[in-house]
Amino acid sequence: MDAIPSRKVRPALAAADRFTDPAHFPEPARTSVQKALARARKALAEDFKGISAGSTPASDLFPIVKTGVSVQPIIDATDAFTELLTDAQRQTVNFDIDSNAWRSWHNMHCFLLRHGLLLRDLGEAPREAALNILRASSSASGYENARDIMKLNEHAGEITTRFDEFGEWYYWFSLFGKPSSDEPWGWQIDGHHLIVNCFILGDQLVMTPDFRGSEPTLAQFGKYAGTQVFREEEALGLELMRALDPEQQKAAVIGTTVPREVITTAQVDNVELDYGGICYDALTPLQRQLLRKLIETYVGRIRPGHAGVRMAEVLRHLSATFFGWIGGWDESSPFYYRIHSPVILIEFDHLPGIIWDNSQPTRDHVHTVVRTPNGNDYGRDLLRQHYQQHDHSHPHTPHRRGLI
C-alpha cells in the first residue's frame, strides 16, 4: 500500500526540535499543552515522593543488594558512546545523578522539556553508539519494541507529511552521573511515545518510568510498512479479561470511561493511587498464569538476568497484586487495564487521535507505562539509601543527621 489513507489528520502543531509557545497552538491543543506544561512545572517544584496507595509510601521494599548480574556491557556501551562525543556534546549530555532532568520527560511530540543530545543531530556512529546503550540495557524484544516505536514516529511523518514534527530520530539522550561499578549512575531516552529511564547502582538496575506508545500501531505503507507494536500487550490483556467469569469481571471493572491518558503519565510521580480491581488471590490457577504472563511481557523488556531479578521481586508480592479494567472486551472496543502491586504499576490505554482526527479512543493509538511505586522510580529509593550509607555531604546521611 503506497498511498496515504484517506482518514483526516489533525492540523500542524509545532516543530519537534525547538520550543514554541503553546499560546500559538490551535485549540484544543493549546489548552491541553498549556495545562500539561503548568502541571509539569508545579510537579517538578515538589520533592519526589513516589506513587503510593496511601499518603505515605511503603518502606523497606527495595534493599540495596548484590544481584550477581553484571552491568559491565552497559558500562562498556556508555563509555564507547562518550568517547565519540565532542567536549561540548559531553557537557550537554551529562547531568548530576540527582538532577531533576530525570523527571523532566514528556510524551508529547512538541518540544517542551527536552534535554540532552538530540539523536537527529548526531552523526551515524555516535547515534548508533547511543542506541547500543539502550540495546545493552534491554532484551532483544524490548530493544526491538523501542526501535519500532521510533520507526512508527517516522511513519507518523509520512501520514501527516510533517517531518518537522514527527521522525525516527526526534529522541533525546541523557546521562546521569558517571558509569561505575559501585557508584550510582544512569541514562534516559526521551521523545514522542518512547521514554525509558535506567538507573544503576552496583549491579542493581531500575528501568522505570518506562513509557511507550504509538499512533498508529501498524504501518500500512511507507518506509517501515508492516511494523507493528503492542499486539501482545493488547491480546494478553483481552485474554485475561475474557478468562474471568462474570462475577470476576464485575470485580475487575474499575470505571466506565476509558481514560484519555494513562494516570501515571509524565510528572505524575507523587500520585496517591488506590488498589482497584480483582486481586491475584481471587483468580483460578489458569487466570493467575495469564496474569503472570501479562506482567512478564512488560518486565521482559529489560535485559536478561535483570528481568529475572525484577520478576522475582514482582512474584514476592502477588498476593497484593490487582488487575483492573475499563471498557469493553469484544473484538473492537477500546479499553484500559492496570496491574498494581507494591512494587510494580503497569497501565495500558487506548486513546483518541492526536495524529488522526478522531475524538474518541480507538485501538489505533496505544499508551503504556511501567512504574515502580513506593519511591523507587528513577531508582530514587536506592539512591536515598546509598546517600545514607556513603555520602556524608548529603543531608540524609547518618553523619549529617547526627547519628554517628
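The values are calculated or read from the model by the stated rules, or taken from the named source; none is laboratory data. From a predicted model like this one, the values you see are computed outputs, not experimental measurements. When we count neighbours, we look across all protein chains shown, and the Cβ atoms used for this are built from the backbone with ideal geometry, even at glycine.
A few remarks follow.
- A130 meets the conditions (1) modelled with pLDDT under 95; (2) part of a helix (DSSP H, G or I); (3) aliphatic (A, V, I, L, M) in every case but one. The failed one is (1).
- Meeting the requirement of 2 or more residues that are under 18 Å from the mean Cα position of the chain (by Cα), at pLDDT 95 or above and buried (at least 21 other Cβ atoms within 10 Å of the Cβ), the helices (runs of 4 or more DSSP H) wholly within the range 201-317 are 285-299, 306-315.
- Of all residues in the range 83-100, those satisfying the criterion of being assigned to a helix (DSSP H, G or I) and either among the polar types (S, T, N, Q) or buried (at least 19 other Cβ atoms within 10 Å of the Cβ) (or both) are Q89, Q91, T92, V93, N100.
- All positions within the range 172-187 that are out of contact with any Asp or Glu (no Cβ under 9 Å at 6 or more places or on another chain) and among the small types (G, A, S): S180, G186
- Comparison of D148, D190 shows that the only residue that is assigned to a strand (DSSP E or B) and crowded, with 18+ Cβ neighbours inside 10 Å is D190.
- Residue within the range 365-381 that is surrounded by fewer than 22 Cβ atoms within 10 Å (Cβ to Cβ), on the phi < 0 side of the Ramachandran plot and assigned to a helix (DSSP H, G or I) present: yes
- Per this entry, N153 is counted among residues that are closer than 23 Å to R301 by Cα, out of contact with any strand residue (DSSP E or B) (no Cβ under 6 Å at 6 or more places or on another chain) and surrounded by 20 or more Cβ atoms within 10 Å (Cβ to Cβ).
- Index of the failed condition, S174 passing every other in (1) surrounded by fewer than 20 Cβ atoms within 10 Å (Cβ to Cβ); (2) among the small types (G, A, S); (3) assigned to a strand (DSSP E or B): (1)
- Any chance T256 is out of contact with any Phe, Trp or Tyr (no Cβ under 9 Å at 6 or more places or on another chain), of a type in the set (S, T, N, Q) and touching a residue at least 12 places away in the same chain (Cβ under 8 Å): yes
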